[in-house]
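The values are calculated or read from the model by the stated rules, or taken from the named source; none is laboratory data. Model, not experiment: these values are computed from the prediction. Neighbour counts run over all protein chains shown; Cβ positions are idealised from the backbone, glycine included.
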Amino acid sequence: MSVRVPRDEAIDVRDLVPEWIQRLAAYPPGMPLEELEREYGITGSIKLASNENPFGPSPRALAAITDALGSLHRYPDGSGFYLRRALAGRIGVPADAIILGNGSNDIIELTARAFLREGDEAVMADQAFVIYQMVVQATGAVPRPVPLRNYTHDLEAIARAITPATKLVFLANPNNPTGTIYKRDEWEDFLAAVPPQVLVVADDAYADYVEDADYPDSLAYQRRGRLLLTLRTFSKIHGLAALRIGYGVGPLDVVALLNRIRQPFNVNALAQVAALAALDDAEHVARTRANNREGLAFLRAACERLGRPSVPSWANFLLIDVGDATRVYDALLRRGVIVRPMDVYNFPRHLRVTVGTPAENERFVTSLEAVLGESR
Ligand SMILES: Cc1ncc(COP(=O)(O)O)c(C=O)c1O
């Protein structure tokens, strides 16, 4: 029998956790489609808020999941043997240079936990993926955000922000939420400037969308004897965001350390088989990439026509200056179009819009035009 003991009112649990945890704010999740429809009493809404693949998962991944359902009573393969072997073959590194994560977010967190202690520093762009600063703060270390320059990582300033206390640098290329990239020359100068004992985490979550000859895929810089961890994900072009699977590629000793603090079954069995199948689905990837190219061009042109500045993007989303972003966001919601307001990223005038199917892009533009017209 359990007995409920009333808690002493004098106890404030916040006093029980370190002060850097007290100062953390929870990650604000996007609005689920179903909730929007219930709240506004509408149907047929579209979600262009979380940089997901508008075509859904690869059909091959779905077939692999179906085949694996009968084995749900088994624990997943804690080593991710088949998937790591397949990735290693493609990338040209040993399988032990690869760690799988429950989303690449998992590996971002593992890296912070492994490398940082109270008082250490980690450098990142101020308007880059918010998770970097959150995981750093959760360890008691100090995030050192560096301003973007023209919506783009300022690698020179980031290198200058490194101090003897710096253990990690987080970079997102393309950056979320701006969609911009740094180019090969800047990247190589940056690598030359970073002290050898600082681990550079290159988060290339959107790399598969980039079609630019000057894009430095950080996987190509592995095995050059430096502390570099590349992060990739199956959440974006492979369309498996719900399954939560990503991976890191880095020096063997770095990956071995991360494995020490990884949960033994951090990547579920369905995610592993789906990712393996999705890797081989070149057609799905190519179709998604082509749709993205056309969708970005369509959205950019529409913004120009509507007189709304947008930031040139190499990813699967576009950052648009709509002026009164709160009003425009709410008005779009009421029309059944979910996008992402960017105040968390300190872009109070901007919305981030994921490239959808042609019909979804069209619907977004028509709705945006109507909403902007309402304010005139
Ligand atoms: C730059 C960047 N890195 C990592 C992630 C997280 O991806 P995952 O779903 O693999 O955790 C995202 C997701 O939006 C992202 O924008």
_Subset tally (residues that are part of a strand (DSSP E or B), under 16 Å from L296 (Cα atoms) and among the basic types (K, R)) for the stretch 318-376_ = 1
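Looking at the stretch 295-317, which of its residues are of a type in the set (S, T, N, Q) and in contact (Cβ under 8 Å) with a residue 40 or more places away in the chain?
S313, N316
Conditions (1) closer than 27 Å to P29 by Cβ; (2) crowded, with 17+ Cβ neighbours inside 10 Å; (3) within 21 Å of the chain's Cα centre (by Cα), marked per residue:
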| site | (1), (2), (3) |
| --- | --- |
| Q272 | yes, yes, yes |
| A301 | no, no, no |
| W314 | yes, yes, yes |
| L318 | yes, yes, yes |
| A325 | yes, yes, no |
| F347 | yes, yes, yes |
| E360 | yes, yes, no |
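Listed here are the residues, each with its yes/no results for (1) over 27 Å from K167 (Cβ atoms); (2) touching a residue at least 24 places away in the same chain (Cβ under 8 Å).
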position	(1), (2)
S218	no, yes
R224	no, no
T230	no, yes
S235	no, yes
L240	yes, yes
I261	no, yes
A278	yes, yes
D281	yes, yes
*Filter the stretch 219-266 for residues that are of a type in the set (A, V, I, L, M, F, W, C) and loosely packed, with under 15 Cβ neighbours inside 10 Å; which is farthest from I108 (Cα to Cα)?*
A220
_As an exercise: evaluate S50 against (1) within 30 Å of T233 (Cα to Cα); (2) part of a helix (DSSP H, G or I) and give the number of the one condition it does not meet._
(2)
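Okay, residues lined up against (1) modelled with pLDDT of 90 or more; (2) surrounded by 13 or more Cβ atoms within 10 Å (Cβ to Cβ); (3) within 30 Å of V337 (Cβ to Cβ):
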site: S2; (1), (2), (3): no, no, no
site: D15; (1), (2), (3): yes, no, no
site: Q22; (1), (2), (3): yes, no, no
site: A26; (1), (2), (3): no, no, yes
site: F55; (1), (2), (3): yes, yes, yes
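Using the structure shown, decide if V198 is away from the ligand (no atom under 12 Å from the Cβ) and touching a Ser or Thr at 6+ places or on another chain (Cβ under 7 Å).
yes
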_Can you name every one of the helices (runs of 4 or more DSSP H) wholly within the stretch 236-311 that holds 2 or more residues which are within 16 Å of the ligand (Cβ to nearest atom) and either at pLDDT below 95 or small (G, A, S) (or both)?_
269-279
*Going by the structure shown, is Y75 aromatic (F, W, Y) and over 30 Å from L276 (Cβ atoms)?*
no
*Go over the candidates Y215, Y206 one by one and state the one that is closer than 27 Å to R340 by Cβ and in contact with a strand residue (DSSP E or B) (Cβ under 9 Å, 6 or more places away or on another chain).*
Y206
*So how many residues does the stretch 169-202 have that are over 16 Å from P216 (Cα atoms) and free of Cβ contacts under 8 Å to residues at least 60 places away in the same chain?*
7
*Any chance D154 is without any contact (Cβ under 8 Å) to a residue 60 or more places away in the chain, acidic (D, E) and within 16 Å of the ligand (Cβ to nearest atom)*: no
*Kindly provide the set of residues from the stretch 209-227 that are in contact with a Ser or Thr (Cβ under 9 Å, 6 or more places away or on another chain) and away from the ligand (no atom under 16 Å from the Cβ), ordered by number.*
Y221, Q222
_the stretch 33-57, subset away from the ligand (no atom under 16 Å from the Cβ) and polar (S, T, N, Q), residue nearest to Q272 (Cα to Cα)_ = S45
*Taking P164 as the residue in question, decide whether it is modelled with pLDDT of 95 or more and within 17 Å of the chain's Cα centre (by Cα).*
no
*Residue list for the stretch 124-145, restricted to those being within 16 Å of the ligand (Cβ to nearest atom) and β-branched (V, I, T)*: V130, I131, V135, V136
*Regarding L199, is this residue over 18 Å from the mean Cα position of the chain (by Cα), modelled with pLDDT of 95 or more and hydrophobic (A, V, I, L, M, F, W, C)?*
yes
